[in-house]
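Heads up, the thing below is written out as structure tokens.
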Amino acid sequence: MVNENALAKLFSYNVAAAQLITPGDRDCGVLVQSTSPMTATGMLLMKRTVRAQRRTVVSLIYDLSGDCPRLDRVWMMMPTNDPAAIARGEDVALLADCKLWAPANDGAAVIVAPPSFGGYFALSSDGTRLVHRRRGPARGLTAGRRRAERRIEEAARMIASRSDVVPHLRTAA
């Protein structure tokens, strides 16, 4: 059952997570979207977006059963001509069941690939795309996931309090 209060907060959580993954104002070629749950229609729309925009789409899948959205998992879909797309199929590649991980400092979050794929995805040094790194981001994956969730929650509260950003959320927060 979807909690209406959590659903109302989902926009601010998506904005916060996008800022955590792709900080700064530069167009990095990555679209971040939120959903709950991922459906066949959602997958089709994700694929259409990747094809039309030729960009990587990061889909944050939230559990909306509680009072606040809880990041459950992360899916990524990218064009197969993207150098990060190691797994190939048709003209897009999908990585399901990734996790968001944040460093102990205030650095950008990375997307940890599932163990079967390995490594993680981080914003390139020039900030224009996600790149695949073959090793893990660091020890303490659980702590890094908790940091990412905490940073998203804190930023989402700040975003939701700004009526100029999300006026319809002021009453729901």
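We did not get these values from a lab; they are worked out from the coordinates using the rules stated. Nothing here was measured: the structure is a model prediction, and the numbers come from that model. Cβ: placed from backbone, ideal geometry, glycine included. Neighbour counts: every protein chain shown.
Could you put Leu95, Leu31 in order, starting from the residue whose Cβ has the fewest other Cβ atoms within 10 Å?
Leu31, Leu95
Each residue of segment 104-113 in turn: what ³J(HN,Hα) in whole Hz from Karplus with 6.51, -1.76, 1.60 and θ = phi - 60°, glycine and Pro shown as x?
Coupling constants for segment 104-113: 5, 7, 8, x, 5, 6, 10, 9, 7, 6 Hz.
Got a sec to turn the phi values of segment 149-162 into Karplus ³J(HN,Hα) couplings, 6.51 cos²θ - 1.76 cosθ + 1.60 with θ = phi - 60°, whole Hz, x for Gly and Pro?
Karplus-based 3J(HN,Hα) across segment 149-162 equals 4, 5, 5, 5, 4, 5, 5, 5, 4, 5, 5, 5, 7, 8 Hz.
Report, please, the projected area of segment 4-166 averaged over directions, based on the convex hull of its C-alpha atoms, in nm².
Mean shadow area of the hull around the Cα atoms is 9.7 nm².
In what sequence do Arg135, Arg54 fall when counting other Cβ within 10 Å, fewest first? Walk me through the intermediate numbers first.
Details: Arg135 8, Arg54 13.
Exposure proxy ranking, most exposed first: Arg135, Arg54.
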